[in-house]
Amino acid sequence: MTIQSIHAEDLSECMKLDRINKADIENILVSIFQSSYDGIFVADKEGVGIMVNAAYSRITGVTSEELLGKNMRTVVKEGIVSESVTVKVLEQRAPVTIIQSVRGKELLVTGNPVFGQDGQIVYVVTNVRDISDLNQMKTELLHSRKMTDQYISEIQELRKRELIQMHLDGVVAQSQEIMKVFHLARKVAKVDSGVLILGESGVGKEVIVNYIHQESDRAAKPLVKVNCGAIPHHLLESELFGYERGAFTGANGQGKPGLFELANGGTIFLDEIGDMPIDLQVKLLRVLQEFEIMRVGGTKSIKIDVRIISATHMDLERMVEKNDFRRDLYYRLNIVPIKVPPLRDRRVDIVPLAFYFLKRMNEKNTLNKRFHPETLQLFEAYNWPGNIRELENLIERLAVMADLDEISIKDLPPYMLQSVGMMKSETGKLKETVANLERKMIKEQMERLKTTRRAAEALGISQSALVKKMKRLGLTF
Ligand SMILES: Nc1ncnc2c1ncn2[C@@H]1O[C@H](COP(=O)(O)OP(=O)(O)OP(=O)(O)O)[C@@H](O)[C@H]1O
């Protein structure tokens with residue numbers, strides 16, 4: 001290429017021509033060409049290489065001898081380069097950019113046509129830039145962003161956990177499942193909306209009620225608990241709403257305030273709400289709508305300000321369909337449903353709960369009991385139909401009854417061993433028994449959660465430990 005072929009008006013746009021000695025322009029352009037950090041390659045209108053700088057060879061590894069005087073089509077055929085931008089530019093008569101992978105490097109290659117006066121391509125100028133470093137940096141940046149997000153969410157999770165622990169002495173909350181329940185409980189604590197707590201017997205519904213009350217603005221006022229299933233139906237109304245003197249035979253001569261009045265300003269917890277007789281459901285609905293009660297045998301309404309939380313292990317929706325529970329009352333009570341999952345669906349909580357209950361027993365009775373690791377494994381495998389209450393009672397019994405300080409699986413009740421598929425273990429078969437137990441637990445979690453990451457989390461071990469275990473136990477999914 002000669003300087004003459006470049007029009008002066010083109011140069012005046014990018015050069016201060018009055019300060020440059022015209023004779024030097026060629027020198028300057030040549031030094032730019034040679035010192036450029038990007039590779040530059042020029043081919044003529046046939047696609048034959050006519051200029052290549054040192055950076056081009058450094059970046060691509062292709063030498064000037066392999067390119068100069070050679071048609072780029074031949075260079076491709078000989079396999080010296082995989083594809084040629086020059087050829088593409090000549091075919092398309094337009095700038096072309098490709099990303100090319102050469103010797104493990106990623107290259108950004110741009111070819112530009114230079115047109116002559118007649119509108120025909122006279123040269124093709126190609127620029128090559130190594131973008132591997134850039135891509136590497138981009139990957140690293142993305143990775144560190146991902147890590148930062150992960151750390152932030154872990155910190156947030158820990159903070160939330162700490163908050164809950166701070167507010168609740170004597171509550172174990174380890175699993176994601178139960179943490180979610182506590183987060184929801186904290187949210188609803190701040191408002192007076194009806195909360196219906198659902199869950200099997202012994203899952204900790206009452207624990208959630210205590211938490212909601214403690215977290216609410218009513219914490220300094222009473223929390224009154226009523227088990228609707230435990231009070232005979234004919235007494236339930238007077239228990240809830242109180243009675244006036246002489247309301248019925250056997251009634252206290254002075255009359256008596258009901259539990260709603262005692263809970264005034266605070267919270268009333270109606271446990272086993274499914275057991276509430278239908279006639280009382282109507283009266284309860286009125287309380288919820290008007291916040292007024294009338295004592296049995298009374299004539300005037302009494303204003304009350306209570307928050308109502310109810311709970312049941314029954315299927316209230318089905319009861320509504322069968323007309324055993326009033327639909328309007330169900331809707332009122334169930335503004336926010338909170339479902340407490342059974343212990344078998346949050347197995348991560350089992351071991352921390354077991355430790356917590358044993359520690360409490362040890363402290364209370366000056367004991368020094370501890371668990372054999374197999375005992376804990378069996379706890380994790382068992383289905384706990386009675387949920388946390390069953391675990392609590394069992395540990396209380398074991399702490400008192402076990403002969404040695406270490407509670408072993410020999411101390412466990414036979415029904416537990418049977419239900420996890422192992423009869424009382426003979427000492428010689430301990431390993432086999434534990435392996436069976438592990439197999440059963442892993443299979444159960446993998447079937448439920450599908451991925452090793454989630455199953456490992458539920459089992460409370462690392463993903464790599466789980467994968468190793470599965471290999472050892474011959475488990476594939
Ligand atoms: N997260 C927890 N941490 C520690 N102890 C718990 C936890 N959840 C429940 N418990 C204990 O388990 C026992 C049963 O809990 P709770 O009485 O709240 O269950 P429930 O669902 O209300 O049962 P029910 O439906 O039979 O009334 C209680 O002694 C309670 O203290």
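One table, with the values for the structure above:
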| quantity | calculated |
| --- | --- |
| Leading residue by the ranking (nearest to the ligand (Cβ to nearest atom)) among those in the range 297-314 that are loosely packed, with under 13 Cβ neighbours inside 10 Å and within 23 Å of LYS225 (Cα to Cα) | ASP305 |
| Among the residues listed as ASP349, ASP345, the single one being within 16 Å of the ligand (Cβ to nearest atom), closer than 30 Å to LYS440 by Cβ and open to solvent by 20 Å² or more (accessible area, probe 1.4 Å) | ASP345 |
| Out of ASN383, ASN368, ASN393, sole residue that is outside the structural domain of GLU200 (by TED's automatic domain parsing) and either part of a helix (DSSP H, G or I) or touching a strand residue (DSSP E or B) at 6+ places or on another chain (Cβ under 9 Å) (or both) | ASN393 |
| From the options GLU432, GLU447, GLU392, GLU406, residue that is open to solvent by 50 Å² or more (accessible area, probe 1.4 Å) and touching a His at 6+ places or on another chain (Cβ under 8 Å) | GLU406 |
| Unmet requirement for MET416, which otherwise passes all of (1) more than 16 Å from the ligand (Cβ to nearest atom); (2) under 20 Å from ALA458 (Cβ atoms); (3) part of a helix (DSSP H, G or I) | (2) |
| Strands (runs of 3 or more DSSP E) wholly inside the range 62-133 containing at least 3 residues that are in contact (Cβ under 8 Å) with a residue 24 or more places away in the chain and open to solvent by less than 60 Å² (accessible area, probe 1.4 Å) | 105-115, 121-130 |
| In the range 15-61, residue surrounded by the most Cβ atoms within 10 Å (Cβ to Cβ) [restricted to those that are in the same structural domain as VAL125 (by TED's automatic domain parsing) and among the basic types (Lys, Arg)] | LYS45 |
| Total residues in the range 450-477, condition in a loop (DSSP other than H, G, I, E, B) and either open to solvent by 70 Å² or more (accessible area, probe 1.4 Å) or in contact with an Asp or Glu (Cβ under 7 Å, 6 or more places away or on another chain) (or both) | 4 |
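The values are calculated or read from the model by the stated rules, or taken from the named source; none is laboratory data. Only a predicted model underlies this, so the values are computations on that prediction, with no experimental measurement involved. No Cβ is skipped: glycine too gets one built from the backbone with ideal geometry, and neighbour counts run over all protein chains shown. In case anyone asks, the SASA skips ligands and DNA or RNA and just uses the protein heavy atoms, side chains included. Shrake-Rupley method; radii C 1.70, N 1.55, O 1.52, S 1.80 Å.
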